[in-house]
Amino acid sequence: MAEAPKPSPATIAAVTLALQQRFGNRCVTSEAVRQQHAHTTTWLTTQPPDMVVFIETAEEVQQVVRICAEHKVPVIPFGAGSSLEGHLNAPSGGVSIDLSGMKRILEVHPEDLDCVVEPGVTRKELNDYLKSYGLFFPIDPGADASIGGMAATRASGTNAVRYGTMKDNVIALEAVMPNGEIVTTARRAKKTSAGYDLTRLFVGSEGTLGVVTKITLKLHGLPEAISAGVCPFPSVKAAADATIMTIQTGLPVARIELLDAMQVKAVNAYSKLSMPETPVLLVEFHGTEQGVAEQAERFGEIAADLGGGPFEWATKPEDRTRLWQARHDAYWSVMALRPGVKPFATDVCVPISRLADCIEETQADIAASGLIAPIVGHVGDGNFHTSVLVDTASEAEMTVVKGFLTRLVERAHRMEGTCTGEHGVGQGKMKYLEPELGAPALDTMRLIKRALDPDNIMNPGKIVTLQP
């Protein structure tokens, strides 16, 4: 089979009856709820599931999966609904398991700098809870995503340059497998040599191997001092070069984010800021009072050498919060640049030494294509995004945009980069995996998928298709 066939109406009716008998009104078949659980923030067509089950425990996940496995009906995990590449779509129909009700923070171990949470806890909820312990969880994608979804998509965010991504901050997972069994991938020990690294296999698997029901996370102490600031530059290249030099000289920057001039204009209007409408870097340092002062001074020198400045610091916590919230609201801010159309966010990541080249070529491509596509990025690790404003109802516009997206990925590949630094593959970027990794790598992924999910019920149609 090339892909999971849609279950017959009789099969769906049987599964609906079984789930409604078990879960009552927590098994929902209304059109509005089904559409909401397959909404995409891309140009991809919404493909709703046949029903949505709102669950509250790992045991309930097991019950849903076992019923679906018996009837060979697809299972699509749902967290906060903020994914960007069609991960939530149900191309073969099936059951969406809404995990947002699993919100318990099960354990916090301050002495070990870790915690254990259920998948429906969001990053903001977790950090609000951890404040009283003097701890925080650093991974921060722009949306208030669920921890389970962040693990499933191998998410990262503005702090990744210092603290890494989800793959670096997940210690262990518990997941319900396609046969309904619960698997624990590791213990709480900070390192292990015991067997295959199942934790890393599940982090980034996008729900195609199982449903994550518990996550053990690495935590960090709240910094003694935080300094954040805005530094304008005469060009994107100058800003990118300053980023490269900052990283290569070993400055322990916590966040370093690039906004091009168009993105700054949008953010200023949306968040009521007054940043210079040129390319800017938003920078943050964590450490001691003396340490962050020294780091800020050194960064200012690097920026000045490349024509950047003046460097303005946000010293009050509320000002820093406002600055970073504005950065996280970048996606929504661009809508005002072309009212009535939808922004489509995409990302690539390249080795940091090629960052300036990749951004410059991308800007030239945007201009030549006649697109409105602001650039923003976690440039400290070579990752940047474009938000293309496109009328998805216009076939001519979509043809131009799809051509641009293909060239963007090809450019990243030519520079030894990847088609996605943090958005994941889902449906939208499946076609880029073979050019990036080669056919043998995809065949290996298919072997793993078939071994763990022989009936292809776990989020089918994502990452790889199964060939006959």
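Things worth noting here:
- Expressed as a fraction of 2.2 N^0.38 Å, the C-alpha radius of gyration for region 98-148 is 1.08.
- If you wrap region 211-311 in the convex hull of its Cα atoms and look at it from every side, the mean projected area works out to 9.0 nm².
- Normalised radius of gyration (Cα atoms, divided by 2.2 N^0.38 Å) for region 1-160: 1.13.
- Per residue, the solvent-accessible area of region 284-436 (1.4 Å probe, heavy atoms of protein chains only, all protein chains present) comes to 43 Å².
- Using bins of 5 Å that start at zero, the share of Cα-Cα pairs per bin across region 347-468 amounts to 2, 10, 19, 19, 18, 13, 10, 6, 2, 0, in whole %.
- Above 19 Å, the calculated P(r) of region 232-284 contains 28 percent of its Cα-Cα pairs.
- Evaluated over region 105-213, the Cα radius of gyration and Dmax, each in Å: 13.5, 40
- For VAL390, the residues 5 or more places off, or on other chains, whose built amide H falls under 5 Å of its own are LYS342, PHE344.
- Heavy-atom accessible surface of region 133-189, averaged per residue, reaches 32 Å², computed with a 1.4 Å probe.
- 19 Å Cα-Cα threshold exceeded, pairs from LYS191/LYS462; LYS103/LYS124; LYS124/LYS214; LYS131/LYS272: LYS191/LYS462; LYS131/LYS272
- Solvent-accessible area per residue for region 1-56 (1.4 angstrom probe, square angstrom): 51
- Element breakdown for the chain at a 1.4 angstrom probe: carbon and sulfur atoms account for 54% of the accessible area.
The values are calculated or read from the model by the stated rules, or taken from the named source; none is laboratory data. Source: prediction; values computed, not measured. Remember, those area values only see protein heavy atoms, side chains included, never the ligands or the DNA or RNA. Shrake-Rupley method; radii C 1.70, N 1.55, O 1.52, S 1.80 Å.
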